[in-house]
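The values are calculated or read from the model by the stated rules, or taken from the named source; none is laboratory data. Since the structure is predicted, the reported quantities are computational estimates derived from the model, not experimental observations. Positions of Cβ are generated from backbone atoms using ideal geometry, with glycine treated the same way; all protein chains shown enter the neighbour counts. The accessibility values were calculated without ligands, DNA or RNA, using every heavy atom of the protein model including side chains. Shrake-Rupley method; radii C 1.70, N 1.55, O 1.52, S 1.80 Å.
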Amino acid sequence: MPAILYLSRGDVEGLGISVADVIRDLEAAFAAKGRGEVEMPPKPGIHPRPDSFIHAMPAYVRSSDIAGLKWISGFPDNPSRGLPYISGLMILNDPATGVPLAVMDASWITAVRTGAATAVAAKYLARREATHLAFIGCGVQARSNLDALAVVQPRLTDILAYDIRPEAAEAFAEYGQMRHRLRVAVCRTPEEAVRGAELIVTATPILKHPTPVLLAEWLRPGVFLCTLDFDSSVTPAAFEAADLLCSDDVAQLDFYRLDGYFRGVPDRIGDLGDIVAGRMKGRERPDARVISINLGLALEDVVTAHRIYQAARTAGAGRDLEL
Ligand SMILES: NC(=O)c1ccc[n+]([C@@H]2O[C@H](COP(=O)([O-])OP(=O)(O)OC[C@H]3O[C@@H](n4cnc5c(N)ncnc54)[C@H](O)[C@@H]3O)[C@@H](O)[C@H]2O)c1
């Protein structure tokens, strides 16, 4: 049996893979999905504590012959224990034999590929000239989404940051100023952040019984809103107000509806894969209000892990383990 390559979080981060490369990989993977070239069953999950999850996320991307699985958890009480909300492992398999090729930490992958997926959605659904970007929830995802949106939205000048913990918004403000040289306003209410924005990302914890706050009348004409937290932040009326409603995977969204999420969210949802593959139109009018519900897909993880695996083999990073 060939050895398995093990990559720690430090090994993965040390490879210096660029967000722009991950965005390109994901755009190609979404196009493959739109052409029907991806096998990706909706994620099964277990829920050991209230509002926690551990999901199994397998995918096979036929056009690039990449197979693997992510086993990823989200535990909302972890930050109070000094642990990250999200943690997990990624396994890559040889698609010809099924033999595991690599096991790696999934934190970097999850953060970076989620931002990259938002950037792919923005490329097709946002106005390029948008300058003001709001975040509701200023944790790990806010940072990686800002990094990725900065690649595809070249006119960004201002960030509007709201977090239920003002210290988290302050720390994020420092990140935005230092890393991206953008003006960052820490907002006292979600309304203040959203009303001023042309681009919005919601990244608060996912709750089974949410009390969303984001109202339809706060959304400007021409806005692009990407939800990473299901329907935890956005009210059903705000979803209803969208001129175009999309998701990174409609099949998975319907699967979550069976589990009680997305109550009151309209059924008229386009699939990002179809848009990227040119089978459906993206933004058509500058004043359209567009919402993308990004659930996070296994295809994003496997193509990113494949890039990491190749870079690590080239660099001699990580260590070999016997199976
Ligand atoms: N769709 C995807 O692909 C994907 C991928 C990874 C994570 N996520 C989701 O993104 C969300 C954020 O993940 P993260 O890793 O950034 O978590 P995090 O813990 O690093 O950040 C979450 C932030 O939200 C803040 N917050 C909590 N409740 C809030 C509220 N009511 N209003 C405003 N802010 C609030 C917290 O103070 C914290 O700063 C989670 O729901 C996670 O499950 C989605």
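One table, with the values for the structure above:
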quantity: Candidates Ala193, Ala312, Ala116, ranked by Gaussian network fluctuation over the chain, Cα under 10 Å, top entry; calculated: Ala312
quantity: Given Lys33/Lys281; Lys70/Lys208; Lys208/Lys281; Lys70/Lys281, the pairs whose alpha carbons are separated by over 25 Å; calculated: Lys208/Lys281; Lys70/Lys281
quantity: Local net charge near Ala142, Cβ-Cβ under 13 Å (Lys/Arg +1, Asp/Glu -1); calculated: -2
quantity: Charged-residue dipole, Cβ positions (Lys, Arg, Asp, Glu), the chain about Cα centre, Debye nearest 20; calculated: 420
quantity: Per residue solvent-accessible surface (Å²) - the range 124-297, probe of 1.4 Å; calculated: 42
quantity: Between helix 107-125 and the chain: long-axis angle, C-alpha atoms, 0 to 90°, nearest 10; calculated: 50
quantity: Percent breakdown of C-alpha pair distances by 10 Å bin, ordered from the shortest bin, for the range 124-297; calculated: 10, 41, 37, 11, 0
quantity: Virtual paramagnetic centre 7 Å along Cα→Cβ of His180, amide N under 18 Å, in the range 104-122; calculated: 111-122
quantity: Neighbourhood charge, 10 Å Cβ-Cβ cut-off, centred on Val38 and excluding it, Lys, Arg +1 and Asp, Glu -1; calculated: 0
quantity: The range 257-278-the range 127-185 distance, computed between alpha-carbon centres (Å); calculated: 26
quantity: Partners for Lys123 among aspartates and glutamates (Cα-Cα distance below 12 Å; same-chain residues under 8 apart left out); calculated: Glu27
quantity: Tyr6 long-range amide H proximity, modeled H, under 5 Å; calculated: Val103, Arg319, Asp320, Leu321
quantity: Considering only the chain, percent of DSSP beta bridges that pair antiparallel, nearest 5; calculated: 50
quantity: Dipole of the chain [Lys/Arg +1, Asp/Glu -1 at C-beta], most positive-end residue of Gly10, Gly74, Ala197; calculated: Ala197
quantity: Counted charge near Arg279, where neighbours are those whose Cβ lies closer than 11 Å (Asp, Glu -1; Lys, Arg +1); calculated: +1
quantity: Choice from Leu299, Leu83, Leu125 showing the highest fluctuation, given a GNM over the chain with Cα pairs closer than 10 Å; calculated: Leu83
quantity: Along each principal axis, Cα extent of the chain, largest first, Å; calculated: 60, 41, 40
quantity: Solvent-accessible area, 1.4 Å probe, carbon plus sulfur percent, for the range 124-297; calculated: 53
quantity: Contour minus Cα-Cα distance for Thr314 and Thr131 (0.36 nm per residue); calculated: 62.0 nm
quantity: J(HN,Hα) series, the range 40-56, from Karplus relation 6.51 cos²θ - 1.76 cosθ + 1.60, nearest Hz, glycine and proline x; calculated: 7, x, x, 5, x, x, 10, 9, x, 9, x, 6, 9, 8, 10, 10, 9
quantity: Under the Karplus curve 6.51 cos²θ - 1.76 cosθ + 1.60, θ = phi - 60°, whole-Hz ³J(HN,Hα) for the range 89-97, x wherever Gly or Pro sits; calculated: 10, 10, 10, 9, 10, 6, x, 7, 10
quantity: Angle in degrees between helix 140-152 and the longest Cα principal axis of the chain, rounded to the nearest 10; calculated: 80
quantity: For the chain, built as a Gaussian network whose Cα springs stay under 10 Å, the top-fluctuating residue of Glu27, Glu198, Glu13; calculated: Glu13
quantity: Helix 298-315 vs. the chain, principal-axis angle (Cα, 0 to 90°, nearest 10); calculated: 50
quantity: Phe75, Phe230, ranked by accessible area, largest first (probe 1.4 Å); calculated: Phe75, Phe230
quantity: Listed residues Ala96, Met40, Thr227: farthest to the positive end of the dipole of the chain (Cβ charges); calculated: Thr227
